[in-house]
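Please read the structure below before turning to the comments.
Bear in mind that the values in this text are calculations on the coordinates, not laboratory data. Just so it is clear, the model here is predicted, and its values are computed rather than measured. Note that we place each Cβ from the backbone using ideal geometry, even for glycine, and neighbour counts take in every protein chain shown.
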């Protein structure tokens, strides 16, 4: 059995760690409330934009637009949104697994990393990191999403990349966060049977003034809104995951402290018993 001094030192170390995890949980809880509100406010627009564009294209046939077909290049650009800090359970590793465990060919991928953890993990796996933007995830804005969108759309239009994907964590609620891989370009029309709009999809879609001009305006906004929505939801998911991880760590520390307290009391009781036995034995020897 460990000595009382070792048990006491171990207990003190765990208590110090527990204070840190409690503080981190409180900080994450406050950040989560702000991020959750922001994510819920933008989610309606995020979902509406996605459903509107895909359903609109499902009602349209015969369009020959660059944004609606894969480019000749085999290169695929993937925007990977993770955090700059750890201690968030499996939040970052789950996003990385979307890439490493997916059906992608490593040589064909170009990673646009937002967040240090995803960039570092994918770099260790040998993926090509084209761009790293760790500051964006700290306070994401629509302008940041627009800059990334413009850059990727130019590369797509120039034939440098053939497809664009977004890997992020979808925020459902405080305790449920879903790693998601979303294809941004080429835009794929929604399946009318799955969406329940099979009757409506037979209606004609008219563009004004021309379909190319309309799509040139709509698709960039569509891509930008999806990227921004992914950023906002990722921030909320990160803080939710960290809050859960720190809560679990605090509970585990409490259990370890209780166990060490029991061990310390047993060791102390054993020490006292041994001292009494020695005193009695010495007294008997004298008499």
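Could you work out the helix-only [θ] at 222 nm for the chain, with each DSSP H run of four or more residues adding -39,500 (n - 2.57) and the total divided by the number of residues, to the nearest 500 deg cm²/dmol?
-21500 deg cm²/dmol
So if each residue of separation counts as 0.36 nm, and I subtract the Cα-Cα distance between residue 261 and residue 68, what length gain in nm does that give?
Extra length from residue 261 to residue 68 when fully extended: 62.9 nm.
Using Cβ counts within 10 Å as a stand-in for footprinting exposure, how do 10, 242, 5 rank, fewest first?
5, 10, 242
Using per-residue counts of other Cβ atoms within 10 Å, averaged over each peptide, order 71-82, 174-185 from highest down.
71-82, 174-185
Nearest 10 degrees is fine. How inclined is helix 142-157 to the longest principal axis of the chain, computing both from alpha carbons?
Between the helix axis and the principal axis of the chain, the angle is about 50 degrees.
Fewest Cβ neighbours within 10 Å first, please rank 156, 46, 104, 171 accordingly.
Ascending number of Cβ neighbours within 10 Å: 104, 46, 156, 171.
Out of 218, 272, 14, any idea which swings most in a Gaussian network model of the chain, alpha carbons joined below 10 Å?
Top of the fluctuation ranking is 272.
Where does helix 211-286 land angle-wise versus the long Cα axis of the chain, in degrees 0 to 90, nearest 10?
Tilt of helix 211-286: around 10 degrees.
May I ask for the angle, rounded to the nearest 10°, between helix 4-58 and the longest principal axis of the chain, with both axes built from Cα atoms and the value confined to 0 to 90°?
That helix lies at roughly 10 degrees to the long axis.
Which three semi-axes in whole Å describe the equivalent ellipsoid of the chain, each the square root of 5 times a Cα gyration tensor eigenvalue, listed largest first?
Taking √(5λ) for each Cα gyration eigenvalue gives 58, 19, 15 Å.
Sort 237, 83 so that the residue with the fewest other Cβ atoms within 10 Å of its own Cβ comes first and the one with the most comes last.
Neighbour counts put them in this order, fewest first: 83, 237.
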